[in-house]
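The values are calculated or read from the model by the stated rules, or taken from the named source; none is laboratory data. In this text the structure is predicted, and so the values were computed from the model without any measurement. Quick reminder, even Gly has a Cβ in these numbers, built from the backbone with ideal geometry, and neighbours come from all protein chains shown.
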Amino acid sequence: MAVSRGSLLNRAVRRVLRQGDVIRQAEFVTFKPKGFVAAENPPELLGRHYYEVMHLRRSLGLMTELNVKPGRSLEIGCGFGRLSPYIAEHFEQHTAVDINNWALSQASQFYPHVAFSSASATELPFPEHSFDAVITWTVLQHVPNSLIDKALKEIKRVAKSNSLLILCEATLNAATPQEDGQHTHDRFPEFYAKAFPSRSLLVSEFIGEIDRIPSMASPGRIMVFGPAS
Ligand SMILES: C[S@@+](CC[C@H](N)C(=O)[O-])C[C@H]1O[C@@H](n2cnc3c(N)ncnc32)[C@H](O)[C@@H]1O
């Protein structure tokens, strides 16, 4: 899908504005309350959230045709859990982890039916082949280059072979050289595809509805990987 210059500019401006919301936590970054989901005002926030949920549900809907069991799902980097209940409605048991304890306490209060716990993408406290789906939504883009392979290995380890992987991550600026202190690391979809060589990349698209709203931009590229062959 083509992305307009305006949309690229918006994304760059948004990044600069969001630096103030970033907190460094050991080798990772997390956010102050307003920084988890970037939006200038309530209409933008609700519009963005609506279209993200729509695409997330559409991606999860692929489970049926792929014969993926609705057993256990894992959401890595759930923030304050705004997407967790939508994932939970597709599975018997949904587990969501993050490194930010403030966000997890908010999430537990709002969505008591989801099991929230503190863990890093790079060290998932779950046995291998535990989950029928693993979801990251604008999370791996915040994992530094030195640790991204470790995080992807962990995802592969905890996912069942007959599982769905759904990532929504920044990719647009993957060709741009990285700057010191940068907290978002855009990576090509091919980079993620290489990490899951036995899976097909079934969906690779931006959220066009958000890109078409003046002043807004898709938070990332949705990449859905099917079961391992
Ligand atoms: C941009 S927020 C997105 C939150 C949520 N997925 C959403 O869309 O509302 C990125 C989240 O990733 C979390 N995060 C960053 N590094 C992480 C890591 N290594 N393991 C788990 N979560 C991480 C942050 O704490 C933050 O909650």
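Determine whether the stretch 77-95 contains at least one residue that is at pLDDT 95 or above, of a type in the set (S, T, N, Q) and touching a Cys at 6+ places or on another chain (Cβ under 6 Å).
Yes: the stretch 77-95 contains one or more residues that are at pLDDT 95 or above, of a type in the set (S, T, N, Q) and touching a Cys at 6+ places or on another chain (Cβ under 6 Å).
Is it the case, given these coordinates, that Val68 is closer than 26 Å to Ser120 by Cβ and either touching a residue at least 60 places away in the same chain (Cβ under 8 Å) or outside any helix (DSSP H, G or I) (or both)?
yes
Write out, first by first residue and then by second, each pair whose Cβ atoms fall under 7 Å of each other, whose residues are 6+ apart or on separate chains, and whose first residue, in the stretch 81-92, is outside any loop (DSSP other than H, G, I, E, B) while the second is surrounded by fewer than 20 Cβ atoms within 10 Å (Cβ to Cβ) and modelled with pLDDT under 95.
Ala88/His113
I'd like to check something: does the stretch 169-185 contain any residue that is more than 12 Å from the ligand (Cβ to nearest atom), under 19 Å from Arg72 (Cα atoms) and surrounded by fewer than 19 Cβ atoms within 10 Å (Cβ to Cβ)?
No, the stretch 169-185 has no match at all.
Out of the residues in the stretch 86-112 meeting the condition of being surrounded by fewer than 21 Cβ atoms within 10 Å (Cβ to Cβ) and among the acidic types (Asp, Glu), tell me which one is nearest to Lys34 (Cα to Cα).
The extreme case among them is Glu89.
Looking at the stretch 113-137, which of the residues that are β-branched (Val, Ile, Thr) and near the ligand (Cβ under 9 Å from one of its atoms) is surrounded by the fewest Cβ atoms within 10 Å (Cβ to Cβ)?
Looking at residues that are β-branched (Val, Ile, Thr) and near the ligand (Cβ under 9 Å from one of its atoms), I get Thr122.
Spot the failing condition for Leu140; the list is (1) more than 10 Å from the ligand (Cβ to nearest atom); (2) farther than 15 Å from Arg157 by Cα, and only one is missed.
The failed condition is (1).
For the stretch 193-223, give me the residue count where each residue is polar (S, T, N, Q), surrounded by fewer than 19 Cβ atoms within 10 Å (Cβ to Cβ) and under 15 Å from the mean Cα position of the chain (by Cα).
Total satisfying the criteria: 1.
Anything in the stretch 25-47 that is near the ligand (Cβ under 9 Å from one of its atoms), of a type outside the set (Val, Ile, Thr), surrounded by 14 or more Cβ atoms within 10 Å (Cβ to Cβ) and outside any loop (DSSP other than H, G, I, E, B)? List them, or say none.
Phe28, Phe31, Gly35
Quick check on the stretch 48-85: of everything there that is over 14 Å from the mean Cα position of the chain (by Cα) and hydrophobic (A, V, I, L, M, F, W, C), which residue is surrounded by the most Cβ atoms within 10 Å (Cβ to Cβ)?
Taking the candidates together, the pick is Val68.
For the stretch 93-106, give me each residue that is β-branched (Val, Ile, Thr), farther than 13 Å from Ile23 by Cα and either within 9 Å of the ligand (Cβ to nearest atom) or touching a residue at least 60 places away in the same chain (Cβ under 8 Å) (or both).
Val97
Among all residue pairs at least 6 apart or on different chains, which show Cβ distances below 6 Å where the first residue, located in the stretch 132-147, is more than 14 Å from Thr184 (Cβ to Cβ) and the second is of a type in the set (Gly, Ala, Ser) and crowded, with 24+ Cβ neighbours inside 10 Å?
Matching pairs, first to second residue: Asp132/Ser163; Ala133/Ser73; Ala133/Ser163; Val134/Ala159.
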